[in-house]
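A.B. asks: First the structure, then my questions, so here it is.
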Amino acid sequence: MAELRDGFDLFTFKFKLLDKFVINEFYPTFVFGVMVFTVLLVAGDLLFDIADLLIQSRVPFNVVVRLFLYRLPGVVVLTLPMAALLATILSFGKMATQSELTALKASGISFYRILRPIVLASIIVGGSALLFNETIVPLTDKAADNIMRYEVARQKPSLLKEQMFLREEKNGELSRVIYIGKLYPSEGNMNNVLIQEFEGGEIARIMTAKSGEWKEGEWWLHNGQVFSVKDDGLVEPLFGFERQQLALPLSPSQVVESLQNPKKMGAFELYNYIKLMKIQGTDVESLWVLLHLRLAVPWASVVLALVGASVGAGTKRSGSGMGIGVSIILVFSYYVFMSFCRSLGQGGYIPPLAAAWIPNIMFLSCGVFMVKKANR
């Protein structure tokens, strides 16, 4: 029994040593990949914007530095799948070149077992990217927008929201547009309200009101008029009113939320935004695609890591330059295919769930096939 236990301990130690060896090959190149792709993305877009702010707009240097730091987390999150791909290509390429993979296979260790720590590491990377997208990135994006609005454009912070438009659709057609000249969300008041109602794609009625208030869960308009729009475009007054209820099932805070940019929201925030848009009757197909992409893209780290490990294992001679080149080609292919599927989903040709996850499924299938081939 003692001999069996000693043999098992030796067996366990051997495989723990293997995990440590593979991870030690992976993580330095992963950090290198994050740095390389961050520099490429920053140099391609963000750096030019910052230079323009410094030179053309003469924005103070400390403001530009803070703007750069706030924009950086969103860029770094984008690089994680790319870095995972590059790290596996370089690390497995190095092990293949130095015949380490051949030696491990000759000792009875399968390629599946060698790949296990990489899969676990890439799952951690994907989970971290998802967590960052839900916590840090939305906050830093909003902080960067505040810098652009209040410190660069010199706008003054205000509790007042001006010139707001709300669109409502019914059965895929525009049914109503609400224009609010001024909204005070904290007080629940609004001024200069204009409502246009549509029938069959044509404007049918116009309602104006000097003010409105949110009271006991309902909107009430004050001092307004209602007009009828004839087929020939003539506008005729119907009646005036001192107080009339407005059928708008959104609170003042929800009205403000409905006007936020969904591209800068996390998944939970975006889900609540979709519910608000459904209340207004807006087509939310493209928003569902965006939500599923929020959940699908971080897991590209796992998919691309499988592909990268297989590519690296089949490489006899590899270097950083070749690894970066192959990584860029594979990442470019992935994101082009993802953009194609996203367009199909937003156009209603395929379900939003499929539009977001098909790229991962396709590349995962390719990765599994290549891993099986590398295991032979």
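A.B. asks: Assuming 0.36 nm per residue, please report the length gained on full extension of the stretch Trp220 to Leu131 beyond their Cα-Cα distance.
C.D. replies: Working: separation 89, 0.36 × 89 = 32.04 nm, distance 4.15 nm.
Computed gain between Trp220 and Leu131 is 27.9 nm.
A.B. asks: Cut-off under 17 Å on the C-alpha distance; same-chain residues fewer than 8 positions from Lys275 excluded. Which aspartates and glutamates are left, in chain and number order?
C.D. replies: Filter leaves Glu168, Glu169, Glu257, Asp283, Glu285.
A.B. asks: Also, I was wondering about something else. Hey, in the GNM for the chain with a 10 angstrom Cα cutoff, which one of Asp232, Asp19, Asp141 fluctuates hardest?
C.D. replies: Asp232
A.B. asks: Round to the nearest 0.05 the FRET efficiency obtained for Arg205 and Glu285 when R0 = 41 Å and r is the Cβ-Cβ distance.
C.D. replies: On the way: r = 28 Å, r/R0 = 0.69.
Taking R0 as 41 Å, the efficiency between Arg205 and Glu285 is 0.90.
A.B. asks: I would also like to ask the following. Under the classification rounded if a/c is under 1.5, otherwise prolate if a/b is larger than b/c and oblate if not, where does the chain fall, given a ≥ b ≥ c as square roots of the Cα gyration tensor eigenvalues?
C.D. replies: Values: a/c = 2.93, a/b = 2.33, b/c = 1.26.
Prolate, because a/c is 1.5 or more and a/b exceeds b/c.
A.B. asks: Looking at the chain as a GNM with Cα springs under 10 Å, which of Met164, Met338, Met277 has the largest mean-square fluctuation?
C.D. replies: In this elastic network of the chain, the residue with the biggest mean-square fluctuation among Met164, Met338, Met277 is Met164.
A.B. asks: If the chain between Glu173 and Ala354 were fully stretched, how many nm would it gain, using 0.36 nm times the residue separation less the Cα-Cα distance?
C.D. replies: Values: separation 181, 0.36 × 181 = 65.16 nm, distance 2.56 nm.
Length gained between Glu173 and Ala354: 62.6 nm.
A.B. asks: Roughly how many Å is it from the Cα centre of the range 327-376 to that of the range 237-256, as a whole number?
C.D. replies: 46 Å
A.B. asks: Once a ≥ b ≥ c are taken as the square roots of the eigenvalues of the Cα gyration tensor of the range 204-264, is the result rounded (a/c under 1.5), prolate (a/b larger than b/c) or oblate (a/b not larger than b/c)? Please report the intermediate quantities before stating the final value.
C.D. replies: Values: a/c = 3.51, a/b = 1.51, b/c = 2.32.
Because a/c hits 1.5 or more and a/b fails to exceed b/c, the range 204-264 counts as oblate.
A.B. asks: What distance in nm separates the simple spin-label points at Val119 and Thr102, each placed 7 Å from Cα in the Cβ direction?
C.D. replies: 2.7 nm
A.B. asks: OK, next. Any chance you could run the full-extension gain for Tyr184 through Ile361? It's 0.36 nm times the residue separation minus the Cα-Cα distance, nm to one decimal.
C.D. replies: Values: separation 177, 0.36 × 177 = 63.72 nm, distance 4.71 nm.
The span from Tyr184 to Ile361 would gain 59.0 nm if fully extended.
A.B. asks: Here's something else I'd like to know. Roughly how many nanometres apart are two label points built 7 Å out from the Cα toward the Cβ at Asp19 and Leu47?
C.D. replies: With each label placed 7 Å out from Cα toward Cβ, I get 4.0 nm.
A.B. asks: So how do 102-115, 211-224 stack up, highest first, on mean other-Cβ count within 10 Å?
C.D. replies: On the way: 102-115: 14.4, 211-224: 15.9.
By packing density, highest mean first, the sequence is 211-224, 102-115.
A.B. asks: Counting only complete DSSP H runs, which helices of the chain cover 27 Å or more along their long axis at the Cα atoms and score a mean Kyte-Doolittle of -0.5 or above? Let's see the in-between values first.
C.D. replies: Values: long enough: 2-41 (57 Å, 0.86); 61-97 (48 Å, 1.48); 111-134 (34 Å, 1.23); 320-346 (38 Å, 1.19); 352-374 (34 Å, 1.20).
Once both thresholds are applied, what remains is 2-41, 61-97, 111-134, 320-346, 352-374.
A.B. asks: While we're here: Please report, as a whole percent, how much of the solvent-accessible surface of the chain comes from carbon and sulfur atoms (probe radius 1.4 Å). Present the calculation step by step, with values, prior to reporting the outcome.
C.D. replies: Details: 12740 of 20800 Å².
Answer for the chain: carbon and sulfur cover 61 percent of the accessible area.
The values are calculated or read from the model by the stated rules, or taken from the named source; none is laboratory data. Note that the structure is a prediction, hence the values are computed from the model and not measured. Note: ideal-geometry Cβ built from the backbone for every residue, glycine included; neighbour counts use all protein chains shown. For the accessible areas, the whole protein counts, side chains as well, though only heavy atoms, and no ligand, DNA or RNA atoms are used. Shrake-Rupley method; radii C 1.70, N 1.55, O 1.52, S 1.80 Å.
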